[in-house]
Amino acid sequence: MVARHGKPNRPLAGDDAMKENALSWMIGGPALTGGVNSSAEVFAKACARAGLYVFSNIEYHSNIMGRHISYRVRTSDTPVHSHVEQVDLLLALDSETLFGTPEYQDYQRHGGHLHRVAPDGVVILDAKAKIDHSAIERDDIHVVALAYDDLVRESVEELGVTYNARRHSVMRNMVPIGASCALLDFDINHVVSLVAEVLPAHRQDMVEMNRHVLLHAAEQARRAYAKEEFHVTLRPRPERNGHMLIKGVDAVGIAKIHAGCGFQTYYPIAPASDESVMLERQQTQYPIVVLQAEDEIASMNMAVGAAHAGVRAATSTAGPGFSLMAEGLGFASITEAAGPVVVLWQRGGPSTGLPTRQSQQDLRFALQPAHGEFPHIVVAPGDAREAARITHMAFNWGDRYQMPVVVLADKFIANSLVTLDDLGLDGLPIDRGEYWTLEMNGSEPYRRHRLTESGISPRAVFGTPGGQYVTTSDEHTERGRIDEQVENRMAQMEKRMQKLDLAAEEIPDEWQYEMVGPEDADVTIVGWGSTRGPITDALPVLQSEHGISANFLQIRLLRPFPASVVREKLNRARRVVLVEDNYMGQLGMLIAEQTGIKLERMALKYDGRPFSQDEVVEAVCEHSAADLGRLVLSHP
Amino acid sequence: MVVADTERLTAKTFGVEDSHPDWCGGCGDFGILSAVKQALAKLGRPPHEVAVISGIGCSGKIPHYINAYGLHTLHGRALNVATGVKLANQDLEVLVAGGDGDGYGIGAGYFVNSGRRNVNLAYLVHNNGVYGLTKGQAAPTMRRGQKTKGMAEAAIQESVNPIGLAIASGYTFIARGYAMAQPDLVDLIVRAVQHRGTALIDILQPCPIYNDLMTIDFFRGRDIGHNRTYRLADEGFDGRVHDPSNQDEIVAKQQAAIAKSFEWGDRIPIGVLYQLDAPTYEDELAGRLPELGTSSLLDLAAPGQDISRLQDAYR
Ligand SMILES: Cc1ncc(C[n+]2csc(CCOP(=O)(O)OP(=O)(O)O)c2C)c(N)n1
Ligand code: SF4
Ligand SMILES: [Mg+2]
């Protein structure tokens with residue numbers, strides 16, 4: 001039975017009390033020209049600088065100019081890792097942000113965001129934009145209209161500068177921020193200092209102009225806002241102002257540099273290429289070559305070559321590119337390359353699918369990405385910090401087990417901004433695996449695929465004196481010669497596959513899974529990857545608002561699969577809810593295959609949008625109340 | 001295993017005693033293998049500093065018979081793998097080998113883009129006109145209207161002109177060799193390896209099993225009374241660009257090479273068709289990070305890089 005959920009106007013977390021630092025903010029407008037991204041990112045950064053915890057995520061079309069973008073910023077006094085359905089402040093740069101698109105624009109229809117505004121929330125809009133105020137039809141919220149362009153013009157002219165739209169209209173993005181600061185009682189100087197940092201030396205004259213725009217926007221917003229006080233205020237927490245605000249793509253890039261990855265290949269694709277572009281910028285500072293290849297087949301095979309030559313190598317892609325990497329992945333595995341590390345930033349499939357949207361649809365594909373039976377490791381981080389740390393470990397595993405490693409991340413991790421103290425890379429072990437040297441063999445020829453007890457054959461990096469060997473994508477002997485004899489075939493198959501058992505045994509528990517929350521709980525949520533954020537945020541809410549004690553079994557290592565521990569945890573659980581961003585419940589299928597346990601209660605989402613904290617709360621509440629089986633969520 | 005003495009390198013040094021080619025008798029691949037080993041002996045690099053990367057096909061098996069590092073990769077991907085190997089360790093001498101199907105068919109995209117990139121590699125294409133290993137289907141080099149004994153019907157697709165394609169793709173050394181013209185082929189391989197940048201040698205390779213059109217007798221010209229192949233150098237052809245800053249000379253030399261590449265029939269040119277000294281991909285990388293001008297990534301990219309500055313940029 002399919003239960004579909006998604007009642008747009010249902011308040012999910014209504015709360016009338018004064019909320020300090022617990023803000024849900026959203027800006028919407030057209031891509032590129034609207035300044036949506038810069039407004040949101042500057043505001044998020046200002047909040048982070050003020051010592052607040054921030055989580056910020058974006059929704060955008062696969063389009064460069066004009067289509068709708070919405071960008072959320074959530075702040076808190078405790079770490080946050082997800083968004084909530086309602087927004088306290090909605091900044092609308094156009095009509096679409098409020099009402100969505102007219103019916104006839106079928107292919108990009110959406111319902112707008114007006115229904116998300118919390119009771120007593122505020123809509124701030126551009127008075128000059130073509131917005132039909134009478135259509136707002138909500139008397140439980142407030143509307144503040146500001147004339148963005150006039151405001152910028154006045155601010156510039158006040159400083160004795162002649163207004164020039166081409167030059168000065170970029171400062172429009174300061175208007176929503178200034179207005180937000182006013183309502184939130186947040187000092188605009190948090191923003192001004194950021195502007196000064198971002199502007200180049202010869203543009204510092206713009207700092208003062210920006211400050212004036214912020215000031216005027218704040219003043220006018222305060223005047224236009226009817227009420228005394230807005231119910232959310234932002235109080236700086238100077239004791240915490242050192243944390244980072246970072247996206248998953250950047251966190252992974254930094255981890256690759258830290259791990260000594262010398263060679264990264266890529267072919268442009270959303271949402272993966274931001275990671276490679278970040279690394280490209282580091283090429284003058286660190287020993288890393290970032291090569292933009294002609295396609296993902298080339299990307300993959302170049303990385304395999306570099307890995308055989310002894311350099312830590314990586315590539316990064318999304319589903320369509322990963323499809324092309326299949327052949328090279330099998331090649332890496334049969335030739336026992338040390339890696340490469342492949343970061344798969346999932347997006348909505350199949351085919352071109354939803355290029356810029358969230359999904360967890362590629363789990364089963366990542367588990368069996370190519371023909372034949374071969375070992376590789378698949379590991380899924382739950383957030384940006386885990387993505388960095390797991391990427392670091394992935395290089396160790398590639399070197400140690402001499403097989404490719406797939407880091408299965410997604411758009412939600414890639415594009416979301418989150419505050420972190422650090423990436424947690426310091427002190428992680430470095431393991432380059434077993435090397436072969438001339439002294440080890442004496443006069444015997446080197447055997448690249450030597451049968452050993454562990455299955456691991458010490459590797460001679462190309463260039464090692466005396467280690468000349470050839471290996472091949474054909475089945476081969478210990479010495480890498482093509483061979484089709486049955487005994488050898490079986491021995492080499494077993495040797496390769498055996499390495500997976502070793503990996504399962506050696507990889508410490510913390511990289512295999514985590515049980516978040518109390519050992520014993522009414523409900524055990526099971527998931528993998530980026531649903532970690534909304535799930536961990538939902539746990540305390542389930543307890544405090546719904547009296548449901550819940551814990552979360554996050555499975556990180558998907559191949560080799562920690563079957564016995566998962567079986568044990570699930571057998572002990574009272575009520576299990578599987579949460580996944582896909583249609584089929586792919587982790588559920590894997591669990592059934594590996595443990596024999598079939599998870600009946602599922603909360604699935606395949607609308608191309610990530611789970612919110614509220615959706616997890618809602619799903620667990622519904623599953624606690626009744627036996628629903630398969631529950632599908634969407635809050636368009 | 002002993003490390004070879006560079007003072008006394010011979011073709012035998014690069015041979016593998018206990019691994020025997022499984023090519024058919026009379027196959028041109030034997031000639032190419034022999035020339036590669038002789039060329040390596042002349043080049044003076046010890047076996048462990050050489051890597052031979054190949055595709056899939058009869059030709060792709062060549063690394064198994066050479067004492068050097070080697071990867072027998074995937075059909076059409078040899079250039080990709082070789083690019084990764086070379087950029088990881090520039091101290092290696094990297095040779096790439098594969099069939100005409102491998103390079104000009106399934107690997108055509110990589111053939112083109114490797115030319116643009118100009119990594120310091122020597123690429124030997126075994127041009128036998130057919131897909132040998134899959135039993136004689138037409139390779140992209142098979143001319144329209146031709147039909148070998150193994151083909152069911154005559155080719156109805158136009159053939160690719162590898163030399164013209166290489167010129168258009170930016171290869172900086174382009175030559176044609178003939179598998180049975182040993183001293184010439186050895187010399188071409190030596191020059192291709194010594195060239196800084198991506199060097200292509202399209203090597204005409206008889207496949208006596210499947211291609212009864214491009215036989216040894218055909219190249220010898222039994223039917224016309226003289227060798228079909230002739231040396232470009234003997235006719236004063238000079239494909240080398242002497243002044244790389246002179247765009248006119250570059251264009252003229254490229255046009256001359258393309259014109260020569262169409263010669264076929266009673267006269268088939270052999271030798272260097274084009275050569276240009278241009279910055280390699282490695283040179284460009286050293287422009288970004290000067291250390292790469294003197295050291296390999298293998299030595300530079302150590303785990304544990306200090307990322308505190310990078311992390312702080314996000315604070
Ligand atoms: C992706 C893929 N498709 C098809 C094949 C089958 N296959 C093996 S060799 C070959 C053709 C070889 O022809 P060529 O590259 O000219 O090499 P030759 O055998 O003539 O030396 C093909 C199509 C393969 N190995 N991989
Ligand atoms: S089929 Fe042709 S190319 Fe292949 S080994 Fe035999 S003769 Fe050589
Ligand atoms: Mg061929």
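The values are calculated or read from the model by the stated rules, or taken from the named source; none is laboratory data. Worth saying up front: this structure is predicted, and the values here are computed from it rather than measured. Note: ideal-geometry Cβ built from the backbone for every residue, glycine included; neighbour counts use all protein chains shown. Areas reflect the complete protein model, heavy atoms only, side chains present, ligands, DNA and RNA absent. Shrake-Rupley method; radii C 1.70, N 1.55, O 1.52, S 1.80 Å.
So for segment B:58-181, if I pair up every lysine 8 or more residues apart or on another chain, how many of those pairs have alpha-carbons under 25 Å apart? Display every interim value, and only then the final one.
Working: B:61/B:86; B:61/B:135; B:61/B:149; B:135/B:147; B:135/B:149.
Going through segment B:58-181 pair by pair, I get 5.
Under a 1.4 angstrom probe, counting protein chains only, how are B:283, A:295 ranked by accessible area, largest first?
Working: B:283 55, A:295 30 Å².
Order by accessible area, largest first: B:283, A:295.
With every protein chain kept in place and ligands, DNA and RNA left out, what is the accessible area per residue of segment A:512-634? Probe 1.4 Å, answer in Å².
33
Sorting check: for B:137-145, B:97-105, B:118-126, which peptide has the highest mean count of neighbouring beta carbons within 10 Å, and how do the rest follow?
Ranked from most to least packed, the peptides come out as B:97-105, B:118-126, B:137-145.
Have a look at the DSSP beta bridges in the protein assembly as shown and tell me what percent are antiparallel, nearest 5. Write out the running numbers ahead of the final one.
Details: 37 of 126 bridges.
Counting DSSP beta bridges with both partners in the protein assembly as shown, the antiparallel share is about 30 percent.
If you add up the charges near residue A:463, with Lys and Arg at +1 and Asp and Glu at -1, over every other residue whose beta carbon is less than 13 angstrom from its beta carbon, what do you get? Write down the numbers at each step before the final one.
On the way: positive: A:459, B:45, B:86; negative: B:49, B:91, B:93, B:299.
Counting the neighbours of residue A:463, the net charge comes to -1.
List the residues of segment B:286-303 that lose 40 Å² or more of accessible area once all protein chains are present, compared with their chain alone (1.4 Å probe, heavy atoms only, no ligands or nucleic acids).
Checking the loss per residue gives B:288, B:289, B:297, B:298, B:301, B:303.
Which of B:247, B:182, B:305 moves most in a GNM of chain B, Cα contacts under 10 Å?
Sorting by GNM fluctuation, first place goes to B:305.
How big is segment A:192-327 along each principal axis, measuring the range of its Cα positions in Å and listing the largest first?
66, 33, 31
If you take the accessible area of B alone, add that of A alone, and subtract the area of the pair, what total do you get in Å², probe 1.4 Å, to the nearest 100?
Approximately 5400 Å² gets buried when B meets A.
So what is the diffusion coefficient of segment A:391-504 in µm² per second by Stokes-Einstein at 10 °C and 1.306 mPa s, using a Kirkwood Rh over Cα pairs?
Translational D for this selection: 96 µm²/s.
Calculate what fraction, in whole %, of the accessible area of the protein assembly as shown sits on carbon and sulfur atoms when a 1.4 Å probe is rolled over the protein chains.
That fraction is 50 percent.
Full-extension gain between residue B:42 and residue B:116, please, as 0.36 nm times their residue separation minus the C-alpha to C-alpha distance.
Working it through step by step, the gained length comes to 23.8 nm.
Can you tell me which aspartates and glutamates have their Cα less than 14 Å from the Cα of residue B:42? Leave out same-chain residues fewer than eight positions away.
Partners within reach: B:5, B:7, B:93, B:184, B:187.
Any idea of the accessible area per residue across segment B:9-278, 1.4 Å probe, to the nearest Å²?
36
Per residue of A:439-451, how many C-beta atoms from partner chains lie within 10 Å of its own C-beta, taken as a mean? Could you put the intermediate results ahead of the total?
Working: counts 0, 0, 1, 1, 2, 1, 3, 1, 0, 1, 0, 0, 0.
Mean partner-chain Cβ count within 10 Å for A:439-451: 1.
Please work out how much accessible surface residue A:589 shows to a 1.4 Å probe, ignoring ligands, DNA and RNA, in Å² rounded to 10.
For residue A:589, the solvent-accessible surface is approximately 70 Å².
Once the other residues with Cβ under 11 Å from the Cβ of residue A:95 are scored (Lys, Arg +1; Asp, Glu -1), what is the net sum?
Values: positive: A:130; negative: A:94, A:96, A:126, A:132.
Computed value for this residue: -3.
Compute the Rg to Rh ratio over segment A:7-242 from the alpha carbon atoms, using the Kirkwood formula for Rh, and round to two decimal places.
The Rg/Rh ratio comes out at 0.95.
Enter the accessible area of residue B:237 (Å², nearest 10), with the probe set to 1.4 Å and all protein chains included.
Accessible area, nearest 10 Å²: 40 Å².
Quick check on segment A:7-242: of the DSSP beta bridges with both residues there, what percent are antiparallel, nearest 5%? If you can, show how the numbers build up before the last one.
Working: 16 of 32 bridges.
If we restrict to bridges inside segment A:7-242, about 50 percent are antiparallel.
Determine the equivalent ellipsoid of chain A by diagonalising the alpha-carbon gyration tensor, then write out the semi-axes as square roots of 5 times the eigenvalues, largest first, rounded to whole Å.
Calculated on Cα positions only, the semi-axes equal 48, 29, 20 Å.
For segment A:245-420, what D do you get in µm² per second when you plug the Kirkwood radius from alpha-carbon pairs into Stokes-Einstein at 10 °C and 1.306 mPa s?
104
For segment A:245-420, what is the accessible area per residue in Å² when the probe is 1.4 Å? Kindly include the intermediate steps, with their values, before the conclusion.
Working: 3280 Å² over 176 residues.
Averaged over the residues of segment A:245-420, the accessible area is 19 Å².
Residue A:569: which lysines have alpha carbons under 24 Å from its alpha carbon, excluding same-chain residues fewer than 8 sequence positions away?
Counting by Cα, and skipping residues close in sequence, residue A:569 has these lysines nearby: A:598.
Using a cut-off of 10 Å between beta-carbons, work out the net charge of the residues near residue A:278 (Lys and Arg +1, Asp and Glu -1, residue A:278 not included).
For residues surrounding residue A:278, the net value is -1.
Exposed loop GluC sites (Glu not before Pro) only (DSSP loop, at most 16 other Cβ atoms within 10 Å): please give the longest stretch of chain B free of them, not including the sites.
B:18-152
Looking at segment B:9-278, send over the antiparallel percent of its DSSP beta bridges, to the nearest 5.
Of the beta bridges lying entirely in segment B:9-278, close to 20 percent run antiparallel.
Under the definition of partner shielding as Cβ atoms of other protein chains within 10 Å of a residue Cβ, what is the mean value for peptide A:288-294?
For peptide A:288-294, the averaged partner shielding equals 6.
Under 19 Å between alpha carbons, and skipping anything fewer than 8 positions from residue A:256 in its own chain: which lysines qualify?
A:247, A:411
Share of Cα-Cα pairs in segment B:9-278 beyond 31 Å, in percent?
19
Give, in nm to one decimal, the length gained when the segment between residue A:196 and residue A:434 is fully stretched (0.36 nm per residue of separation minus the Cα-Cα distance).
80.6 nm is the gain from fully extending residue A:196 to residue A:434.
Compute the length gained on full extension between residue A:235 and residue A:444: take 0.36 nm times their separation in residues and subtract their Cα-Cα distance, giving the result in nm to one decimal. Don't jump to the answer; show the numbers that get you there.
Values: separation 209, 0.36 × 209 = 75.24 nm, distance 7.14 nm.
In short, 68.1 nm is gained.
Once you average over the residues of A:363-375, how many Cβ atoms of partner chains fall within 10 Å of each Cβ?
Mean shielding count: 0.
Can you list the residues of segment B:49-74 whose accessible area drops by at least 50 Å² going from the chain on its own to the full set of protein chains, with a 1.4 Å probe?
B:64, B:69, B:71, B:72, B:74
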